[in-house]
Every structure is written in C-alpha cells, then in structure tokens.
Amino acid sequence: MPNSGTKMIEILLVEDNPGDVQLTREAFLEGKIRNNMTVMRDGVQALDYLKNPNVTRPDIILLDLNLPRMGGLEVLEKIKADLALRVIPVVILTTSQDEEDIAKSYRSHANCYIAKPVDFEKFMQVVRSLEDFWLTVVRLPSHS
C-alpha cells in the first residue's frame, strides 16, 4: 500500500526500450512508495530535462547505458560534473554485464550498477528491490 504520509518521490527513468519502460512502471506502481516517474528516451533529452529550471528535480535517476544520441556513460559523466546535479543518486540499470562498463560506471561516480535480468519475474523483483532500498531505506538529499 502506498505511503501517503511522505512526499511524492520523483524518478527519472532514462530508457529507450518501451518494454523495459513498461515493466519498470508496473513494478513501481505495485510498490509501497508514492512516486512520479518521468521517462526520457535518450541521453540528450535526459540532460535537457535535468537542466530545465521549470521541471521538478528527480530524487533518483535510473539510467540505461545503451541509449541513442548520447550513451549512458556520457550522460552519467555530465550529471556528475554538474554541481547542481551531482547530488542526485544515479542507478545504472542496463542489460550490459561487461566488466569494463561496470568499472567505467563506478569511476564516473554511479551510485550503483544493476544488470537487468531478461526474465520477467526477476526483472520485477530487481525493480522492487531497487524501490525497497533506494526509496525506503536510503535517505535521499532534499532539493533545497
């Protein structure tokens, strides 16, 4: 049951695969935490969104690495190089299990790296675990 006593959590999902977007939305809808999920389909769009002063700043970013126009690693580097954005936790949520992608993500200051399972139930379980940890256990920075 959603927690109505807390503020709405703002999630930015940067993902170009419509199936993964739908699965992620469904998993968060079934979750305990009230959230608003904004989806950006490529890296350029995501950075434009984050730099727009007229949009609500996300509490957490779920970032795929394999994106059109600008890859996830470049997006991550630009987020972490920006003083106003670097405090937002960035969770890499991608199909890549490549050790070099993992190492580059952490060197670029990703907060965690999760390889997406191909199996539907396991994917749902991963997203629920993400919600349990990042939106229930962890205290996120305020935007003030």
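The values are calculated or read from the model by the stated rules, or taken from the named source; none is laboratory data. Predicted model, so just to flag it, every value in this text is computed and none were measured. When the accessible area is computed, the model is the full protein with side chains, heavy atoms only, and any ligands, DNA or RNA have been set aside. Shrake-Rupley method; radii C 1.70, N 1.55, O 1.52, S 1.80 Å.
How large, in percent, is the carbon and sulfur part of the accessible surface of the chain at a probe radius of 1.4 Å? Carbon and sulfur: 52 percent of the exposed surface of the chain. According to the calculation over all Cα-Cα pairs in the chain, the P(r) per 10 Å bin from zero is 11, 45, 37, 6, 0 %. Pairs of Cα atoms nearer than 8 Å and 6+ residues apart set the relative contact order; for the chain it is 24 percent.
Excluding ligands, DNA and RNA, the accessible surface per residue across the range 1-121 is 52 Å² with a 1.4 Å probe. Secondary-structure-derived ellipticity at 222 nm for the chain, considering helices only, amounts to -10500 deg cm²/dmol, per-run term -39500 (n - 2.57) for DSSP H runs with n ≥ 4. The phi-based Karplus calculation (6.51 cos²θ - 1.76 cosθ + 1.60; θ = phi - 60°) puts the 3J(HN,Hα) values of the range 39-54 at 10, 10, 8, 8, x, 5, 4, 5, 5, 4, 4, 5, 8, 7, x, 8 Hz, whole numbers, x for Gly and Pro.
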